[in-house]
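Asks: I have a structure I would like to understand better, so I am pasting it below and will then ask my questions one at a time.
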Amino acid sequence: MIAYRTDLAYIHHTGFRDFALQAAPGLLDLLRQHKIIDGLIVDLGCGGGIWAKELVRAGYEALGIDISAALIKLARKHAPQATFQRASFLEAPIPPCAAITSLGECFNYLFDEKNGTAALAQLFKRLYRALRPGGILIFDILEPEQWRNGRPAKRFVLGRDWAVLVQVEEDTKSHVLIRHIIAFRKAGNFYRRSAETHVVKLYRRAAIAALLRRAGFSVKMLRGYGQMRFAQGHVGFLARKP
């Protein structure tokens, strides 16, 4: 599945950066609380490099990995002191590191069709091996029953030189969320239209915690990153390698 092509990547980077920016102070506090004050931080699903830039600014090395070529291009421009690689997080080699992050429910996305419970179980084992002793994995996921009434939800957002219309529907039997996205980006005197469909697999927090513990982690659930709180049905994890 093609993910975040040029125009939607631009819209995501410029119009929806608040999540990463608001999360950054709390994430940096978590790193310092676990005595991670330097070294390499790997960010899976790095997007346009907003969090990677904050890491570099705080004195860390940053490696960002994302499946979208357009987002990686933006990340290299936005955070030139970090390193970026285009790849699926399920397949990318993870070097030895102090911490690993994945923000904005990236592990839910099915851009790589191999993703799912079994693939995440194997991923958590690889991440455990890559982390140094005392290293941490921080990420967040979406849970099932995002829309209890079963009706599709629509949202329209307007930016300075773009607009995006999103319709979201959930299959409660298969625990899959589908986002139909129509984007308009200004090109000269006109707007260019593009469309993408993003499929998101929803997981119960207890199931994800069990996979993490099976991989060897100790697990703590998070209600947010610092002062930034998650919405209902959105949960974070801090998994530590002993």
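The values are calculated or read from the model by the stated rules, or taken from the named source; none is laboratory data. This is a predicted model, so every value here is computed, not measured. All Cβ positions, even for glycine, are placed from backbone atoms using ideal geometry, and neighbour counts span all protein chains on display. To get the accessible areas, we keep the full protein, side chains included, count just its heavy atoms, and leave off ligands, DNA and RNA. Shrake-Rupley method; radii C 1.70, N 1.55, O 1.52, S 1.80 Å.
Asks: Sort out which residues of the stretch 116-133 are touching a strand residue (DSSP E or B) at 6+ places or on another chain (Cβ under 7 Å) and open to solvent by less than 50 Å² (accessible area, probe 1.4 Å), and write them in order of number. Even if it seems obvious, please write down each step before you answer.
Replies: As a first pass, look at the stretch 116-133 and keep what is touching a strand residue (DSSP E or B) at 6+ places or on another chain (Cβ under 7 Å): 116, 127, 130-132.
Passing the criteria: Gly116, Leu127, Ala130, Leu131.
Asks: Turning to a different aspect of this structure: Using the structure shown, decide if Gly159 is over 19 Å from the mean Cα position of the chain (by Cα) and at positive phi.
Replies: Working: over 19 Å from the mean Cα position of the chain (by Cα): yes; at positive phi: no.
When the stated conditions are applied, Gly159 does not pass them.
Asks: With the checklist (1) closer than 30 Å to Gly59 by Cβ; (2) within 21 Å of the chain's Cα centre (by Cα) in hand, flag the one item Leu142 doesn't pass.
Replies: (1)
Asks: Taking strands (runs of 3 or more DSSP E) that fall entirely within the stretch 144-216, which contain at least 3 residues that are at pLDDT below 95, within 25 Å of Phe107 (Cβ to Cβ) and not hydrophobic (A, V, I, L, M, F, W, C)? Show your work before the answer.
Replies: On the way: elements: 153-158, 162-171, 176-187, 190-201.
Output list reads 162-171.
Asks: Now a separate question. So which residues in the stretch 161-212 are surrounded by 16 or more Cβ atoms within 10 Å (Cβ to Cβ) and among the small types (Gly, Ala, Ser)?
Replies: Those that are surrounded by 16 or more Cβ atoms within 10 Å (Cβ to Cβ) and among the small types (Gly, Ala, Ser): Ala163, Ala183, Ala209.
Asks: Within the stretch 169-209, which residues are under 26 Å from Lys125 (Cβ atoms), touching a strand residue (DSSP E or B) at 6+ places or on another chain (Cβ under 9 Å) and free of Cβ contacts under 8 Å to residues at least 12 places away in the same chain?
Replies: Of everything in the stretch 169-209, just one residue is under 26 Å from Lys125 (Cβ atoms), touching a strand residue (DSSP E or B) at 6+ places or on another chain (Cβ under 9 Å) and free of Cβ contacts under 8 Å to residues at least 12 places away in the same chain, namely Ser174.
Asks: Ile138: open to solvent by less than 20 Å² (accessible area, probe 1.4 Å), without any contact (Cβ under 8 Å) to a residue 60 or more places away in the chain and of a type in the set (Val, Ile, Thr), yes or no? Steps first, please.
Replies: Working: open to solvent by less than 20 Å² (accessible area, probe 1.4 Å): yes; without any contact (Cβ under 8 Å) to a residue 60 or more places away in the chain: no; of a type in the set (Val, Ile, Thr): yes.
Considered against the rule, which asks whether it is open to solvent by less than 20 Å² (accessible area, probe 1.4 Å), without any contact (Cβ under 8 Å) to a residue 60 or more places away in the chain and of a type in the set (Val, Ile, Thr), Ile138 comes out as no.
Asks: Select from the stretch 135-190 the residues that are closer than 30 Å to His34 by Cα and of a type outside the set (Gly, Ala, Ser) and list them in ascending order. Can you show your working first?
Replies: So the first thing to find is which residues in the stretch 135-190 are closer than 30 Å to His34 by Cα, and the list is 135-143.
Ile136, Leu137, Ile138, Phe139, Asp140, Ile141, Leu142, Glu143 - these are the residues of the stretch 135-190 that are closer than 30 Å to His34 by Cα and of a type outside the set (Gly, Ala, Ser).
Asks: Right, something else. Being under 24 Å from Tyr109 (Cα atoms) and not aliphatic (A, V, I, L, M) is the filter here; which residues of the stretch 35-53 pass it? Spell out how you get there, then give the answer.
Replies: Our first condition is that a residue be under 24 Å from Tyr109 (Cα atoms); within the stretch 35-53, this holds for 41-53.
Within the stretch 35-53, Asp43, Gly45, Cys46, Gly47, Gly48, Gly49, Trp51, Lys53 meet the criteria.
Asks: With the requirement that a residue be of a type in the set (Asp, Glu) and either buried (at least 21 other Cβ atoms within 10 Å of the Cβ) or more than 18 Å from Leu137 (Cβ to Cβ) (or both), what does the stretch 55-102 give you?
Replies: Taking the stretch 55-102 first, the residues of a type in the set (Asp, Glu) are 61, 66, 91.
Listed by number, the list holds a single entry, Asp66.
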